[in-house]
């Protein structure tokens, strides 16, 4: 369930270019979902545009674009569920979003092209995403978009949350603090190091 929010100064995108960029970013979102080009996957692929008026976008203390590299200043916030992507996946998103902006806005004959296209990936803690009035887990999102749970991508997800569960259990986080896949929370309780970490300390020595 990734979402992209594209912020840009007025005049940077006309109608056709905005439509082109929306299509390109949607393809990036679907690739981020593991190539889940299903109805469920497309329903989760959101692209939002926000245009800033003259005098509302300042770079280097100026609003005239003198410190901005072509094709212009863009701030793209990519919101994803926690534990959804490893470092390589995130690097691929940074590159793909930059390439999409450059392709949609036209070629820029400058070695600095794309230097003012900033991409920030923000992770939503497991359990903090909701739809239809209820909390939804990353496992449920995977089911909705059609991401197979027996593949390499979800194996990494399980590994991430299993490690997080063991860490939380070792430091005695409350069981209902959330932030874990349900199965990982149960597995952490049964881990041999958890019992050792939770054993009462003898302070009498």
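Some observations on this one:
- Using the average count of surrounding beta-carbon atoms within 10 Å as a protection proxy, the listed peptides 40-48, 136-144 rank, highest first, as 136-144, 40-48.
- Fraction in percent of alpha-carbon pairs per bin - 10 Å, segment 74-167: 13, 38, 29, 16, 5, 0
- Cα coordinate range in segment 90-129, projected on the principal axes (Å, largest first): 45, 16, 15
- Sites residue 75 and residue 152 - FRET efficiency at Förster radius 25 Å, r taken between beta-carbons, to 0.05: 0.20
- Shape of segment 104-159, Cα gyration tensor, a/c cut at 1.5: prolate
- Take the Cα radius of gyration of segment 68-110 and divide it by 2.2 N^0.38 Å, N being the number of residues; the result is 1.37.
- For segment 1-114, the Stokes-Einstein estimate of translational diffusion at 10 °C and a viscosity of 1.306 mPa s comes to 106 µm²/s, using the Kirkwood hydrodynamic radius over alpha-carbon pairs.
- Footprinting exposure proxy for 91, 66 (fewest neighbouring C-beta atoms within 10 Å first): 66, 91
- Mean projected area in nm² (Cα convex hull; one quarter of hull surface) for the chain: 16.6
- Taking 62, 164, 18 and counting other C-beta atoms within 10 Å, the order from fewest to most: 62, 18, 164
- Length gained on full extension, residue 50 to residue 110, computed as 0.36 nm times the residue gap minus the Cα-Cα distance: 19.0 nm.
- Only beta bridges with both residues in the chain are counted; by DSSP, about 35 percent of them are antiparallel.
- For segment 158-183 and segment 122-147, distance of Cα centres in Å: 17
- Compared with the direct C-alpha span, the chain from residue 134 to residue 42 gains 31.1 nm at full extension, assuming 0.36 nm per residue.
The numbers here are math on the coordinates, done by the rules we state, and not lab data. This is a predicted model, so every value here is computed, not measured. Don't worry about glycine lacking a Cβ; one is built from the backbone with ideal geometry, like all the others, and counts go over all protein chains shown.
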